[in-house]
Structures are given as structure tokens and as C-alpha cells.
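> To start, I am sharing the structure in question, which I have written as C-alpha cells.
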Ligand SMILES: Cc1cc2nc3c(=O)[nH]c(=O)nc-3n(C[C@H](O)[C@H](O)[C@H](O)COP(=O)(O)OP(=O)(O)OC[C@H]3O[C@@H](n4cnc5c(N)ncnc54)[C@H](O)[C@@H]3O)c2cc1C
């Protein structure tokens, strides 16, 4: 069997590995002229770590830091909700691993070999009884038995399948940065800090680096003129080491994104074509599950395309197995974002007080639906 994968992000590259493992002939077409070297940290939860381990993607997750994430603090440093990453590892049989996006991409690229063609932007696809044909913006084309649209939240493959499906802005934007920073200086303040209409997260990376992220309510498409000045205004009075962390981050290392998600679709499949990752179920980052769900998609796709000789039936099975959970993640993550971004002082006080009453064990159990082993 031959497969075309559109998009060389985490989704496209993990899918290439999953299909190659099952002796499927794969070619990846990526619109960027070269391998992307952007991005910040990615938290990979046990569901994704298990899938990567089973795919043999050890190079992609080697050297990553396994450490504390998951607790929630108030802006002054008091703890609202405690979650020890070791509890999650014991409960779900794999650790939480935080990687730099560039490092996981490099690891995956090294494993799949030279199957990625850069500078290839898909314009449309056509299919008939014999196969699927991808037509590229440069006038060239490629044919295969199946085409996987792993081309992200603004997917061109999805636009042809369902032109009405559009991402929806969720009312807040996010900043991210990676910075060298002594882990000892963070003390017990790993995890997230929630304020009024704003949040800040600190996550450990390998080699005494940190990944931080920040969110704030603001209108869509309104990046501040000066990111560091805006971050200082929002977080300058928050607990240590947040102000120091911001000062240690060079201006050029700050990334900024509007945060949106894709309202759940009724189908991910059109004959020999299937959507995967953000193209199918882009979610807000509140559960750290966007890439994790994408990696699970790749794993399941590898299984179904191997077990079934008819690719059309295989893609239907892929959708049936993956869609319900991915949909639940999008909706749950959106709700967590709304709670985390509350601005009203009374509601914020009630939120914080309520969260303090939830026992740690129950906090861990809230992850069952997404972290438990399903394959
Ligand atoms: C602020 C933030 C924090 C996040 N944190 C986490 C986290 O901690 N953990 C986690 O699991 N997830 C996280 N995510 C989500 C995660 O980044 C995404 O879910 C994941 O990257 C999706 O991978 P993908 O391959 O589907 O899409 P993408 O990474 O967007 O890749 C799509 C690729 O397709 C290419 N492409 C697009 N159009 C075309 C075309 N027409 N032709 C050819 N190629 C095309 C693009 O250039 C790109 O390389 C976060 C997201 C954000 C915004």
C-alpha cells in the first residue's frame, strides 16, 4: 500500500513512522521550504508517551526531562490544587515527558529517513476507483492508495472536504518561551498559576532549560506592539520566579498565538482521504493534549491500515476509534480554558476556593478518560 501524508508537523512525521513500521510506502509533502525549527515545549502525557514507545520512537523522546507539572497556584504563590507527576506515572504506567518541539521533530525525521518533500503545498485532491491524486500548487501531482491530511488547524485538505469547518477564537492569546534557567530557582512552583483573565505556566525541560507559557484575555488578531512590556504589565507582580523568568527570556524567543479550536466535525473521512491531528480536532492547549491526541491518531491509523486490506474501510475504522475521545478532549479543554480565564473577582474567588476542596487523588482521576490505556 502507498500513502501520501500532507504536512510535516508532529502529526505527519509520527504518522510516517507508524505506517513505515507496518511496511506501508509513505511520502510526506510539507509546504515549508525546509524542516521547521520553531516552537517551544510540548508536554507529552502518558497516552502519547505509550504510543511513541510502542512505535519505537525512542530517539524522539530521548534526553527529555520527566518532571513536575500539573499543580495550580494563585498569583501570590499559594497552592490551589496539587498534582505530583509521579502520581500520574504510577497510575497510567508511563511518565509525563516535556520535549522541545524542535527536538521531537528532529528525532522523528532521523527515524523516518528522507521521505519528506519540502516546498510542496497541496492545492486539492481528486480520487477514483484506482487511487487518490494530490495536486500541488507548483503544478505537480502524486498518487497513492490513501491520503492523510495532517496539515494543521487551517488544513487545505479539510477545506476541500468540508468548507464550513472553521476554527473559532476562544477569547485569549498565548505567549511561549524557552529559556536557560536553573531548575532549583523554581522550587516547588512548577505547574500553572491562575489569576484573573490570565495564567502562567512553568515546565521543566532538559539541560537546565525551562518552557514557560502565559495566556491573557484579549480580542483576536491584536498582538501587543511589545510582548515583553505586555508580559511585564500582566505578570510583573506575580510570584517568583515568574518576573525573573520573563526578564531572562530574550525578546526574539517569545512566541505569540491567538488560541482557538475546531468545533467537532461530523466526519474526518472522505473515501481514501482522512484528516489527522489539528486538521481533524484542533484543541485549546488547556489539557496539553493537542499533540498527544495527534500521536494517538497516528498509532491507530498504522494499526487499521495494516489489519484491513481495503483502505476505505480502514479509514472508517480509524475515525470510529479516534473521533469520540478527540471530540471529548476539545470540549473539556475549552471548558477548562473558560474557567481558567475567568475575570470576575467573585467568580475567581469561588473558583479558587472550590478547587482547593478537591482531594489530590480526585484531581488525578479526572484524567482517566484521556490517559487510560485504550489500545
Ligand atoms: C500555545 C500552545 C501550546 C501547546 N502545548 C501543547 C502541549 O503541551 N502538549 C500537546 O500535546 N500539544 C500542545 N499543543 C498543541 C500541538 O502543538 C498541536 O496539537 C500539534 O502541533 C498538532 O500537530 P499537527 O501535525 O496536526 O499540526 P501542525 O504542527 O500545525 O503541522 C501541520 C503542518 O502542515 C503544513 N501544511 C499546512 N498547510 C499545508 C498545505 N496546504 N500543504 C502542505 N503542507 C501544509 C504546515 O506547514 C505544518 O508543518 C499546543 C498548542 C499551542 C498553540
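No value in this document is a laboratory result; all are computed from the given coordinates. Everything numeric here is computed off the predicted structure, so don't read it as measured data. No Cβ is skipped: glycine too gets one built from the backbone with ideal geometry, and neighbour counts run over all protein chains shown.
> Could you work out [θ]222 nm for the chain from helices alone, using -39500 (n - 2.57) per DSSP H run of at least four and dividing by all its residues? Round to the nearest 500 deg cm²/dmol.
-11500 deg cm²/dmol
> Within 10 Å, count the other beta carbons around each residue, average over each peptide in 336-342, 219-225, 17-23, and list them highest first. Mind dumping the intermediate values first?
Numbers: 336-342: 17.6, 219-225: 10.6, 17-23: 19.1.
With the highest mean Cβ count within 10 Å placed first, the list reads 17-23, 336-342, 219-225.
> Let me ask something else about it. Using only Cα atoms, tell me the angle between helix 46-55 and the longest principal axis of the chain; keep it within 0 to 90° and round to the nearest 10.
That works out to roughly 30 degrees.
> Rounded, prolate or oblate, given the Cα gyration tensor of the chain, with a/c below 1.5 counting as rounded?
Here the chain falls in the prolate category.
> I've got another one for you. Nearest 5 is fine: what % of DSSP beta bridges in the chain come out antiparallel, could you say?
That works out to approximately 70 percent antiparallel.
> So, one more: When ranked by the protection proxy of mean other Cβ atoms within 10 Å per residue, highest first, what sequence do the peptides 282-294, 266-278 form?
On the way: 282-294: 24.9, 266-278: 22.6.
Packing proxy ranking, top to bottom: 282-294, 266-278.
> Pairs of Cα atoms under 8 Å, at least six residues apart: use those to get the relative contact order of segment 171-217, whole percent.
Averaging sequence separation for qualifying contacts and normalising by length gives 48 percent for segment 171-217.
> What's the exposure ranking of 188, 124, 333, 155, going from fewest to most Cβ atoms within 10 Å?
188, 124, 333, 155
> So how tilted is helix 10-21 from the main axis of the chain? Cα-based, degrees 0 to 90, rounded to 10.
Value to nearest ten degrees: 50.
> Could the peptides 34-41, 99-106, 204-211 be put in order, highest first, of the mean number of other beta-carbon atoms found within 10 Å of their residues?
Ranking, from highest mean packing down: 99-106, 204-211, 34-41.
> Find the relative contact order for segment 151-238 and round it to a whole percent, using C-alpha pairs within less than 8 Å whose residues are 6+ positions apart. The partial results should precede the final answer.
Values: 101 pairs, mean separation 24.2, N = 88.
Here the relative contact order equals 27 percent.
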